[in-house]
Amino acid sequence: MNRRLMLACVAVAGTLAVTARLHAQSPWTVGFGAGAAREILHSRFGSAQTRLSGSLLSMEALATRRRFVARLRYGQGHVRSDTAARDVVQGEALVGYQARPWLALWLGPRARTFVASGLSDRRWLFWSGALSARGGIFPGRVDGFGELWQGFSGSVNRPAASASGRGVEFGLEATLPKRPLRLRLSYLIEQGRLDDGRRDTVEGFALAVRYVPR
């Protein structure tokens with residue numbers, strides 16, 4: 001993750017920490033989560049293709065106040081094949097508006113960095129807009145959710161160029177009885193693309209536990 005995005009994440013994390021301390025005096029609600037994911041990376045440039053897979057660990061913080069929301073996510077792990085290996089670092093720092101109880105609009109940066117042994121980092125960075133929606137399958141127990149994002153400005157640093165990107169995530173979230181905990185199972189697929197045909201596609205399954213105060 002580059003220095004600018006790291007500073008942005010630190011700033012948001014600091015804001016969320018202050019928000020948590022002021023929770024008793026304000027209508028802010030702060031939740032936290034942690035999870036693990038199994039991801040597959042498909043890289044393609046011309047006729048050359050690479051497929052790597054591996055596991056990532058992630059953390060999440062979510063703050064809400066009335067209709068306004070802020071979300072910070074960070075994850076890192078390792079993907080590999082028989083002939084190649086890369087470390088992966090990914091993150092996002094988003095602010096949003098709860099247009100309806102079931103619909104939210106989001107805006108902010110998303111980044112994913114691949115680090116190969118002996119090579120410089122390849123970083124995809126997107127400023128994105130997103131829509132997320134949820135609905136009750138078993139009201140109060142199990143919800144379905146989905147999120148779709150589109151990058152309206154993007155870049156990759158190696159080779160230095162403008163990039164386009166998009167992604168989708170959907171799954172199920174179950175609330176544990178008598179506890180402020182939620183279990184989330186999701187599938188995601190994201191892609192970064194350059195005009196010369198180079199692209200990285202990431203897909204994976206994730207399992208997370210979230211603490212959401214009632």
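Overview of values
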item	result
Where only alpha carbons of segment 43-134 are counted, the Rg and the Dmax (Å)	16.6, 51
Cα convex hull of segment 85-214, projected area averaged across orientations, nm²	9.1 nm²
Distance from segment 125-197 to segment 85-124 (C-alpha centre basis), Å	10 Å
Spatial extent of segment 56-103: Rg and Dmax, with the Cα atoms as the point set, Å	15.9, 50
Computed label-point distance, nm, for sites Arg38 and Met59 using a 7 Å Cα→Cβ extension	2.6 nm
Gain on full stretching of the segment that runs from Val209 to Ala85 - 0.36 nm per residue minus C-alpha separation	41.8 nm
Total formal charge among the other residues, if their Cβ is under 10 angstrom from that of Phe45, Lys/Arg +1 and Asp/Glu -1	+1
Rounded to 10°, Cα long-axis angle of helix 3-21 versus longest principal axis of the chain	10 degrees
Spin-label model distance (nm) - Ser47 vs Ala133, 7 Å beyond Cα toward Cβ	4.4 nm
The chain: calculated mean residue ellipticity at 222 nm from DSSP helix runs of at least 4, using -39500 (n - 2.57)	-3000 deg cm²/dmol
Linear extension gain, Trp102 paired with Ala160, 0.36 nm per residue minus alpha-carbon span	17.0 nm
Relative contact order [Cα under 8 Å, 6+ residues apart], the chain, whole percent	18 percent
Solvent-accessible ranking of Arg123, Arg214, Arg51, largest area first, probe 1.4 Å	Arg214, Arg51, Arg123
Solvent-accessible surface ranking, highest first, for Thr64, Thr83 at 1.4 angstrom	Thr83, Thr64
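The values are calculated or read from the model by the stated rules, or taken from the named source; none is laboratory data. Please read these numbers as outputs of a predicted model, since none were measured by experiment. Cβ sites come from the backbone with ideal geometry, for glycine too, and all protein chains shown count toward neighbours. Calculation scope for accessible area: heavy atoms of the full protein, side chains included, ligands and nucleic acids excluded. Shrake-Rupley method; radii C 1.70, N 1.55, O 1.52, S 1.80 Å.
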